[in-house]
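The values are calculated or read from the model by the stated rules, or taken from the named source; none is laboratory data. Remember, predicted model here, so these are calculated numbers, not experimental data. Every residue, glycine among them, receives a Cβ derived from its backbone with ideal geometry; neighbour counts consider all protein chains shown. The area values use the complete protein model at the heavy-atom level, side chains included, leaving out ligands, DNA and RNA. Shrake-Rupley method; radii C 1.70, N 1.55, O 1.52, S 1.80 Å.
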Amino acid sequence: MKASFSKVSSFYFCPKKYEYRYVMELPVPTKAELVFGTALHAALEANFAQKIETRRDLPVEELLEVFRKELSEGLEKVPEESLRGPSDVHYLRGMGEHFLSRFMAERAPALQPAPRGVECFFLLPLPGGHEISGKFDLMDTDWVLHDFKTSNKPYDRRRADKTQLVLYAWACERMFGRFPTALCFDVFVKGDGGEGAMDMQEPILFPVPSPGEMSQVAQRLQRQIEKILEVQEKNAFTRAFVPLRCKWCEYQTVCTADWEKEGKPEPARVRMDYLV
Ligand code: SF4
């Protein structure tokens, strides 16, 4: 099976959601927060892609133009009634401009992208003939691999997903013939639109996972993918939550209706760690 890291993660978040998204391929309504993250990434990519050759950052106003264009085009696809509070167009625009201005002043000057080191897609072989794909944002000339993240709350490094770190280290080894010196998450904290503070978190650095951790992750991913195939074969996608409470899920309406038709079965979570 060829799977992306987000596809595997979505199964272990909620198998039913995986079914709606990847088996039934129900269209996902566009969300303002996703558009915001995409627009921020597009602006940073525009800067670092050209910096491979020029070795210079673009003027911040050029990044802001890219950001504003991507944001307004993306938000046209979002239902108007959901563009309120923390998803208000002006709020998102101001927040993105603030993040980009700070990043370009405080962090970008010290970051030189390695050749071929911007928006790196990868496809990695796994035991059992499976493959896993993904993407990281930037490899710098100090061989630090960066991933830009937007998050509602400050990122908690203790909860970092080891699988993602291992995949990035493998991808680097495959693309550049060496492991990174470190992995870095650059996190833009959006706050919750209420009392939560908007902030650019200090870079979060991780060491490269050990060979033992890498082999554990490879085996776990193989088993996880095989579990997905087994569930798919039996068409037995369970719900991980009571759908009435899943206010954040794009499929809540359809899931709740199906759940009621099925006689409201008890949710059953698939734990990621039980396969280890
Ligand atoms: S509404 Fe909840 S249970 Fe249903 S698919 Fe979404 S996350 Fe899963």
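The lysine pair count for segment 31-206, using Cα distances under 13 Å and pairs eight or more places apart or on different chains, is 4. Within the chain, the cysteines lacking any other cysteine Cβ closer than 4.7 Å to their own Cβ are C14, C120, C172, C184, C255. Would you mind computing the Rg to Rh ratio of the chain from its alpha-carbon coordinates, Kirkwood style for Rh? Ratio of gyration radius to Kirkwood radius: 0.98. Excluding ligands, DNA and RNA, the accessible surface per residue across the chain is 53 Å² with a 1.4 Å probe. Cα centroids of segment 1-48 and segment 150-165: 17 Å apart.
When ranked by the protection proxy of mean other Cβ atoms within 10 Å per residue, highest first, what sequence do the peptides 247-255, 28-36 form?
Values: 247-255: 14.9, 28-36: 17.6.
Answer by packing, highest mean first, reads 28-36, 247-255.
The DSSP beta bridges internal to the chain are antiparallel in roughly 60% of cases. 3J(HN,Hα) couplings calculated from phi for segment 13-22 with the Karplus curve 6.51 cos²θ - 1.76 cosθ + 1.60 (θ = phi - 60°) are, in sequence order, 7, 7, x, 5, 4, 4, 4, 4, 7, 9 Hz; Gly and Pro show x. What part of the accessible area of the chain, given as a whole %, is carbon or sulfur when the probe is 1.4 angstrom? After summing per-atom areas, the C and S share lands at 52 percent. The HN-Hα couplings worked out from phi for segment 212-223 by the Karplus form 6.51 cos²θ - 1.76 cosθ + 1.60 (θ = phi - 60°) are x, 5, 5, 5, 4, 5, 4, 5, 5, 4, 4, 5 Hz, whole numbers, x standing for Gly and Pro.
For the chain, what does the relative contact order come out to in percent, with C-alpha contacts under 8 Å and a separation of six or more?
On the way: 375 pairs, mean separation 54.8, N = 276.
Contact order relative to length: 20 percent.
Each of T163, Q50, A197 was placed along the dipole of segment 31-206 (beta-carbon charges, centred on the mean Cα), and the one lying farthest toward the positive end is T163. Look at the Cα gyration tensor of segment 158-276: its axes a ≥ b ≥ c give a/c of at least 1.5 with a/b at or below b/c, and that counts as oblate. Couplings 3J(HN,Hα) of segment 56-70, computed from phi: 10, 6, 6, x, 4, 4, 5, 5, 5, 5, 4, 4, 4, 5, 4 Hz, in residue order, whole Hz [Karplus 6.51 cos²θ - 1.76 cosθ + 1.60, θ = phi - 60°; x for Gly and Pro]. Taking each DSSP H run with n ≥ 4 as -39500 (n - 2.57) and averaging over every residue of the chain yields -14000 deg cm²/dmol at 222 nm.
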